Structure formats: C-alpha cells, structure tokens
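S.K.: What follows is a structure written as structure tokens; I'll ask about it next.
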Amino acid sequence: MPHSPFILTVEAGPGTASLHLAGDLDYATSDELVQHADHCLTTRPDLHDLRLDCTALRFCDTMGISALLMIHRKTTARDVRLHLDGPPPFLERILNTTGVRQLFHSPAHPSQQADQAPPRKPHLTRTSRLIPGGEARDSALPLRRKRRPRRTEWR
C-alpha cells in the first residue's frame, strides 16, 4: 500500500482553531501535528477550542494516537477543549479499544448513534437483606461468580 501524503491545514477563528488532517497520521507525520497544535496553543492566548478535523484521515498508527494524547495533555494544561471532528470508523475503533475516546469532545452524528448498541447492564437478581430494625428489604444485586476453592497439594 503506497504511503499517502499527510496534509495539514490550519483555520483560525475567534476563540477557536481548526486543524484539518488528511492522509496518514503515523511515525513520520505525528511530530508535525503536535508542532502545529502547540503553535496554535502558544500564539493564541484567547483560544478556548482546538478542533481536529479527521474527516480526510486515511490511517493512524500508535504514534498518531500518541500525538493525539500529547495534544490532549497540552490542551488540558491550558484549559482548552479538544474536539475530534469527523473521526473515520477505524479511528473510532482504535480510540474505543484503547479506552481514550472519552478524552475527546465530538459532536454525535445520528448515524453513529444508530450503529452503537446500548450499553450492557449487569444481570441482576432479587435478594432480601435485613435492615437494622428487623425489616427485610428487596434489593437488586449483580450476580457474582463463585470462586473455586484453591487446591494445594503438599508432597
């Protein structure tokens, strides 16, 4: 697969800056993204929102994720909200799998909401518990697996 070029364009507005990412965000290009984001943060003291438009992003490796996390640390230190706009499905999967998706603000698209399954609830069972005063109250408790006793053999 040929390496697609990384193209980064910056667009500034009052209190906001948008970085439009296109191509491959990887080991060779992640420093460029961090430098541009840092430049926006240091030269714009009035900045409240930094937006990363990932609509045209084609690839992102671990260095790309690392760059996104580094930008998140820098924006958090300056009390700037970091938005991830239009992340492609592969990037959504990576962010969800690594557990860092909640770090990035993004508008919810109706198509994405329909594709996502509702969160699973734990299985519940009804039990009675004794409350001080002698009355019993029903409550729902999550089921727990029974632990197997450890078998230790001494020879």
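S.K.: Tabulate in residue order the Karplus-calculated ³J(HN,Hα) for segment 76-81, using 6.51 cos²θ - 1.76 cosθ + 1.60 with θ = phi - 60°, rounded to whole Hz; enter x for Gly and Pro.
M.R.: Listing the rounded values in order: 5, 5, 9, 6, 10, 6 Hz.
S.K.: Quick one: what are the phi-derived ³J(HN,Hα) couplings along segment 42-54, Karplus 6.51/-1.76/1.60 with θ = phi - 60°, whole Hz, x for glycine and proline?
M.R.: For segment 42-54, the Karplus-derived couplings read 7, 8, 10, x, 8, 6, 10, 9, 10, 10, 10, 8, 9 Hz, x marking Gly and Pro.
S.K.: What are the residues whose amide H is under 5 Å from the amide H of residue 51, where those residues sit 5 or more places off or on another chain and H is modelled from the backbone?
M.R.: 17, 18, 19, 83
S.K.: For segment 1-95, give me the percentage of DSSP beta bridges that are antiparallel, rounded to the nearest 5 percent. It would help to have the intermediate numbers written out before the result.
M.R.: On the way: 7 of 21 bridges.
So the antiparallel bridges in segment 1-95 amount to around 35 percent.
Coordinate-derived values only; no laboratory data. All figures in this text were calculated on a predicted structure; none of them were measured in a lab.
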